[in-house]
1. Once amide H atoms are placed 1.01 Å from N in the peptide plane, what residues at a sequence separation of 5 or more from residue 236, or on another chain, have their amide H within under 5 Å of its amide H?
2. Give, to the nearest whole percent, the P(r) tail of the stretch 139-242 beyond 22 angstrom, counting all Cα pairs.
3. Can you give the calculated 222 nm mean residue ellipticity of the chain, where each DSSP H run of n ≥ 4 adds -39,500 (n - 2.57) and the sum is split over every residue, rounded to the nearest 500 deg cm²/dmol?
4. Placing +1 on the Cβ of each Lys and Arg and -1 on the Cβ of each Asp and Glu in the stretch 267-456, which of 364, 334, 441 has its Cα farthest towards the positive end of the resulting dipole?
5. Using the Karplus curve 6.51 cos²θ - 1.76 cosθ + 1.60 with θ = phi - 60°, what ³J(HN,Hα) values do you get for each residue of the stretch 110-120, in whole Hz, with x for Gly and Pro?
6. Need one number: nm distance between label points at residue 151 and residue 272, each 7 Å from Cα along Cα→Cβ, rounded to one decimal.
7. Any idea what diffusion coefficient the stretch 430-492 gets from Stokes-Einstein, in µm²/s, Kirkwood Rh on alpha carbon pairs, 25 °C, 0.890 mPa s?
8. Output the relative contact order of the chain, whole-number percent, from Cα pairs under 8 angstrom with separation of 6+ residues.
Amino acid sequence: MNIQSKPAAGQIMEAKGIFVDNKWHANETGGTVDVYAPATGAVVARIAAGSAGDVDRAYKAARRAFEEGAWGRLTAVERGRLLLKLSRAIEDHADELTALEALDCGKPLKQARADIVACARYFEFYGGAADKVHGDTIPFLNGYLALTERVPHGVTGQIIPWNYPAQMFGRTLGPALAVGNATVMKPAEDACLTPLRLAELAAEVGFPEGAINIVPGTGEEAGAALTAHRGFDFLSFTGSPEVGTMVQIAAAKNHIGCTLELGGKSPQVVFADVDLDAALPSLVNAIVQNAGQTCSAGSRLLVEKSGYDRIVGAVAERFAKLTAGTPDMDLDLGPVINPGQKRRVERFCGNAGNDGIEVIAEGSIADGVPEGGYYVAPKMFGQVPRDNALALDEVFGPVLSVIPFEDEADGVALANGTDYGLVAGVWTQNANRATRVARKVRAGQVYVNAYGAGGGIELPFGGMKKSGHGREKGFEALKDLSVVKTIVVKHD
Ligand code: NAD
C-alpha cells in the first residue's frame, strides 16, 4: 500500500524505503521502524530504518544534483516557480495530507489542516523570495569593482522533529531550496508520513533529481549518521537540547555551520490592566495547541499580583473546559505523541504535586477515546515557585505554570529567569510599558497583546540563550541557508 492516504482500521502502510533521486529505493539493511498512531496506540505504518549507507547514498545524490545535475543549473526564478508549483500541489492534496498528519501526530483535524495550509504557505513565501536574494556593491579602491553575492552552502542536512512534520518540511526545505541548496532530510521516526508524501509531490511537480532526498529512520542511527557524515555543508536541527548539543559538536568536527532550534519555556507576561476578554483565547491556546508539544508554547503564565485572582480565575475557568480527543472528534487537543512523552508529562505533574503545588484547573479526556491512545488531561498549576522544575523546564505537554510577579521590573526578571529565550507575550493596555517590556525580554520573538505559537511564516523565528541559534522563517532564513561571497574585479 502506498503512503498516500489514511489506512482502513487494521491496515498498515508498508515502508517504501528511502527517497533518493526522486524515487523510492530499498534501504540498505531492509530494517523498518513501526509507526504508532497516538490516538489509538496501533501500528499504522512501517518506515525504513535508514543507515549510514543510506545517508551516504542520499548525500551523493544531493551532491550530484548540486554540482552537475539539472538542479544546480536552474536560475533563481526557475527554482522559485518550482516552489510555487509545490505550494499549489500541497493545496490540491490538502485533504489527503491533513488526514495523514492527523493520523501520524494525533492532532485534531483543524490543527492538522492549519499545518498543511502553513506548509503550502512556506513554499509560496520562499517561491516568491527565490529571485529576490541578492548581494551588494561595495565602494572600494579606484580601479576595482567590489561586490557580494549570496550563494548556497551546497548540500544541507535537515533533521526535524515529530511535533509539526509538515510545517517543518516547509520551514526548513523552503528556504534551503529557494537559495539553491540540494537537501537531505531525516524526519522524526515518531511522525514522518507527511514528509515522505511531500517528497513524492515535489518529484511530481518537477523538482529535478537529487534536490530533495529523504532518509527516514531513528535518530541514533540515521540522524547520527547524517550529522557525522563529512560531506554536508550545513545542518539545520530542530528538537531537544540534548540532541542539539550532539548536532553542534558533530558540525564543529566537520567545520560547518548549523542552526539549532531547541524549544523554550516561553512566558506570557500579563499585567493587571490587560484587556482580559481579548487575551483569554490566546493565553489558553498558546499552551494547549498541539497538546503543548510546541517549541514556542506559552507554558509560563506570569501574572501581576494586583490582578492575580481576577486574571487567573478567568483563565482557569476557560482552561477547565478543555477536552482532549481523537483527531476526528476535533476538540481542543489530541493525545501526546508516544508513551514516553505521556510519562514525561505525568512525571512533571506528579513531581509538582509532591512539591505541594496546587492544580487550579484541569481539563478532561473525552468519553470514548481508544484505550490505547496517549491522552493526558491538560493541567494548570497555580503559585508555582520560581525555582521549581515546572517554572524552569520544558514539559512539552498541556501543562500551564502560573507564577505571580510584583511589578514591571520583577515581571521582566521573571520572564528572563530561565535558560530559554524563544518567544514571549506581553499583555497590557499601557503602550509605553508594552514597548519597554518587549525590548527588555530576551526572546527571539516578542508579541504584544497577541501570541503566535508557531505562527507567521514571514516572521524571523529562533532562539536566544539555550533555545538555540540561527533564524528560520522570513527572509532571515535565506541568509542562514546561504553564504556571502565577495568578488573583487580590478579594471583599467
Ligand atoms: P529529539 O531531539 O530526540 O528528536 C528530534 C530529531 O532528532 C528526530 O528526527 C530524531 O530522530 C533526531 N535525533 C535523535 N537523536 C539523534 C542523534 N543522536 N543524532 C542526530 N539526530 C537525532 O527529540 P524527541 O526525543 O523527539 O523529543 C524529546 C524532547 O525534545 C521533547 O520532550 C521536547 O522537550 C523536545 N522537543 C523539542 C522540539 C522543538 O520544536 N524544539 C521538538 C521536538 C521535541
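Each reported figure results from applying straightforward, stated rules to the coordinates on display, with no laboratory input. What you see is a predicted model, and the numbers here were worked out from it, not measured in a lab. Note that we place each Cβ from the backbone using ideal geometry, even for glycine, and neighbour counts take in every protein chain shown.
1. Those qualifying (amide H under 5 Å, at least 5 residues apart or on another chain) are 157, 158, 159, 259.
2. Numbers: 1839 of 5356 pairs.
Here the long-distance tail beyond 22 Å is 34 percent of all Cα pairs in the stretch 139-242.
3. Numbers: 16 runs with 184 residues, N = 492.
About -11500 deg cm²/dmol.
4. 441
5. Each residue of the stretch 110-120 in turn: 5, 5, 4, 5, 4, 5, 5, 4, 5, 4, 4 Hz.
6. 6.1
7. Values: Rh = 14.4 Å.
Estimated via Stokes-Einstein, D reaches 171 µm²/s.
8. Details: 1212 pairs, mean separation 88.0, N = 492.
Relative contact order of the chain: 18 percent.
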